[in-house]
1. Taking H placed 1.01 Å from N in the peptide plane, check which residues at least 5 places from residue B:389 or on another chain put their amide H under 5 Å from its amide H.
2. Treating the angle as unsigned and between 0 and 90°, give the value, to the nearest 10°, between the Cα long axis of helix B:374-386 and the longest Cα principal axis of chain B.
3. Report Rg/Rh for the range B:485-550, rounded to two decimals, where Rg is the Cα radius of gyration and Rh the Kirkwood radius.
4. Taking the square root of 5 times each eigenvalue of the Cα gyration tensor, what semi-axes in Å does the equivalent ellipsoid of the range B:7-112 have, largest first?
5. Relative to the longest principal axis of chain B, what angle (0 to 90°, nearest 10) does the C-alpha long axis of helix B:694-719 take?
6. Taking each residue in B:666-678, count the Cβ atoms of any other chain within 10 Å of its Cβ, then average. What number comes out?
7. Within 10 Å, at most 11 other Cβ atoms, and a DSSP state outside H, G, I, E, B define an exposed site. Report the longest part of chain B free of exposed GluC sites (Glu not before Pro).
8. Over the Cα atoms of the range B:256-387, how large are the radius of gyration and the largest Cα-Cα distance (Dmax), in Å?
Amino acid sequence: MQRRYRTIPDLKINESARAIAFDDSALACKLTSMGVLPGSRVEMIRKSPFGNAYYVKADGVRLALREEEAASILLEI
Amino acid sequence: MNGEGGMSPLKIALIGNPNSGKSTVFNQLTGLRQRTGNFPGITVEVKETDYRFPSGKEAILIDFPGTYSLYPTSSDEKVVAAVLANPADPFFPDALVYIADVTHLEKHLLLFTQLLDLHIPILLALNMSDSAAELGIKVNASKLADTFGVPVIPISGRTGQNIMRLTVELEKLLDKKDAAASRSFYNPTESEKQVIQAVQQNLGVENPYRALQIAHHAEWLPFLHPAEKETVAAITSTKNFHSLRAQVDETLERYDRFTPLSQAAVAQPPAFPNTPTDRIDAVLTHRFWGPLVFFAIMLLVFQAIFEWSAYPMDWIEGGFAHLSELVSDKLPAAWYTELITDGILAGLGGILVFVPQIALLFLLIGILEEVGYMSRVVFMFDKTMRRFGMNGRSMVALISGSACAVPAIMSSRTIGNWQERLITVMVTPFISCSARIPVYLVLIGLAVPAVKLGGILSLQSLVFGAMYVLGLLTAFLAGWAMKKWLRRREPSFLAIELPVYRMPLWKNVLLNVWEKVLAFISGAGKIILIVSIALWALSRFGPGDAIRHADQAAQEEARQMGLDTTATDDLVQQRRLEASWAGQAGKWMEPAIRPLGYDWKIGIALLTSFAAREVFTGTLAVLYNMGDAEADINDRSENEAKATLRERMKGEKFSDNGQPVYTLATALSLLVFYALAMQCMSTLAVVRRETGSWKWAFLQFVLMSALAYIAAWLVYVAFS
């Protein structure tokens with residue numbers, strides 16, 4: 001089945017996409033309170049030196065997210 | 001902390017998101033007068049201060065931990081939610097100052113609108129107005145004030161701009177309590193309304209939004225009775241109330257409402273894509289350069305607490321030695337003089353000697369936090385450290401621990417997750433600190449032959465290095481084991497903001513240093529002083545007349561041998577220590593430590609070196625009749641005193657079978673013991689302070705001692 005969305009780990013460096021939803025309520029609670037919202041433009045900046053974490057910009061705000069946190073944000077294709 | 005009886009004083013809390021510059025504003029308002037304490041029962045730090053308004057009205061100003069939302073995801077945020085859900089809480093504020101970063105206003109209003117619904121008088125301070133002006137951001141404050149119905153003041157915590165106006169408006173706000181009760185921001189859904197009504201009726205909660213908060217948080221709110229928790233649980237389950245989903249929906253609904261309001265009041269130029277922060281981060285978080293720069297910085301930190309702080313530490317030690325001499329010259333030779341010199345002054349010196357290390361470490365960490373670098377460290381090392389139950393910030397504690405565990409453990413305060421902080425606190429003392437160096441030097445010189453492997457690599461240096469590796473490996477292994485044992489009590493997140501790099505504000509940095517030094521002296525100092533006096537008493541007094549007899553016997557013996565005054569003194573000192581309670585205890589515990597290859601004299605040194613590890617060598621110097629060399633022996637470098645001590649150690653024989661005490665096996669066993677054992681009362685005192693209870697300090701002591709005992713025994717068996 002074709003996925004209807006992407007997540008941050010799918011993005012290339014400096015690529016950005018619009019967030020559409022979250023797939024985990026607890027993480028959604030955390031991320032929305034920090035200003036990552038459905039409709040936010042999320043840009044992938046770089047991976048962490050030892051992997052497993054992402055440096056992203058959400059509407060211009062710089063954030064560090066773990067793999068599972070980053071993967072819980074569903075992005076439009 | 002708050003007034004007892006009668007009128008309780010007015011309380012005003014500063015509140016806002018992390019990185020809103022809230023603490024800078026707090027420092028602007030208060031300066032040196034602030035006190036640091038803990039919220040009752042938990043280890044979340046709170047700062048407060050007595051504040052006097054220009055009119056003379058008095059209040060207590062409280063700095064709440066940085067919070068994104070009343071739906072908490074960390075222990076800091078839980079504290080804020082719990083205080084605000086309970087008007088009877090001693091920290092419940094009469095008014096709030098909301099600090100928002102005006103350069104990201106639409107990200108900073110979520111918590112603000114939640115607070116509006118709690119009907120506490122509130123004032124909106126638009127912080128970083130100076131940066132906003134530089135970025136070309138124009139804010140219409142009066143429009144925002146009309147929109148939200150609260151006073152709105154553009155300020156700058158960094159420059160102090162409008163801080164006076166803030167206090168004037170704040171005082172006016174305190175007289176207008178009624179205005180706050182009339183406004184509401186969020187419209188609850190039908191299902192939420194039902195839950196709110198039921199909670200209001202059953203628990204007698206007045207404010208609707210507080211009732212909703214209680215419905216969400218009842219399970220862990222500390223002030224609710226079990227019966228009340230059951231009532232709320234029954235309400236939420238019969239009304240089919242889905243807490244997490246409702247939280248997210250409410251949050252999104254709030255954003256939908258305030259985003260257009262904030263956009264209407266803020267004129268923002270299009271963002272520049274490549275700011276200095278991005279260019280700096282391209283290096284500092286680079287997959288190769290990032291860690292390299294970090295280790296270079298940590299080398300500097302290590303250098304500062306290991307090398308630079310040695311000078312002021314020498315002055316302090318020298319000063320106390322001088323003072324001690326002065327006291328023994330002026331006062332008669334009696335037990336109370338020794339109490340002053342060897343108990344009290346030694347204890348006070350033992351406390352103050354940590355101050356340079358603590359001050360320097362927190363100066364450097366403070367700068368790194370202030371500029372915004374520490375969150376990058378967390379980002380880079382999150383994965384590595386999480387495996388071992390810790391946090392990227394734990395790196396700083398572990399590296400500082402190689403100089404001294406005391407400031408290192410204090411540095412773990414900045415770790416937000418309680419479990420990660422606890423594990424960091426528990427494993428940091430495994431890292432070989434500088435107090436172990438004299439012990440290592442003496443023992444390695446004794447056990448390891450001074451040969452060079454392949455003509456270049458000294459075997460002794462190799463073993464010295466191996467001791468550090470042993471400590472580091474044990475720390476990580478212990479972290480991993482603790483993580484397995486504790487499991488997860490709260491969900492762990494990385495999700496942190498990486499703030500824009502800024503020049504450090506020296507006022508913030510220095511206040512932080514001052515506060516940490518004070519916290520150490522008042523929190524751990526008392527314990528260190530008491531233990532120091534107790535240890536002195538143990539080695540000064542003995543059962544019955546034992547000390548007097550030992551004294552006389554030693555004098556007699558010295559006369560017969562024709563010793564000079566110094567040699568006589570050394571002999572008397574030795575015999576008195578052997579006869580003291582500590583000496584007795586050493587003899588009693590010999591059966592317990594014999595399996596490790598130790599005799600009762602080593603037992604005495606194990607006991608006395610609980611004051612600090614380097615006391616081990618000093619005590620042995622006394623026991624092996626070279627008392628005057630005590631000072632030189634604790635030096636961090638190889639020297640004559642250490643060589644002499646080693647000669648004496650080689651001559652030591654077990655009293656029962658006449659076998660030499662210090663075989664290779666015993667020396668290696670002692671090395672391993674000192675690498676792993678919790679032989680430091682100051683560390684325990686700091687652990688007690690940082691974890692808020694004796695439980696963890698005691699557990700750490702027992703576990704580390706048990707581990708050290710078993711490992712030392714294994715080494716002894718393997719090598720003998």
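Rule-based calculations on the coordinates, nothing more; no lab input. Just so you know, these numbers come straight off a predicted model, no measurement behind them. Cβ placement follows ideal geometry from the backbone for every residue including glycine, while neighbour counts extend to all protein chains displayed.
1. The answer is none.
2. Here the helix axis deviates by roughly 60 degrees.
3. On the way: Rg = 24.0 Å, Rh = 17.8 Å.
On the Cα set of the range B:485-550, Rg over Rh gives 1.35.
4. Working: eigenvalues 87, 62, 33 Å².
After scaling each eigenvalue by five and taking roots: 21, 18, 13 Å.
5. 40
6. Values: counts 0, 0, 0, 0, 0, 0, 0, 0, 0, 0, 0, 0, 0.
Rounded to a whole number, the mean comes out at 0.
7. The longest such stretch corresponds to B:220-720.
8. Final numbers for Rg and Dmax: 25.7, 81 Å.
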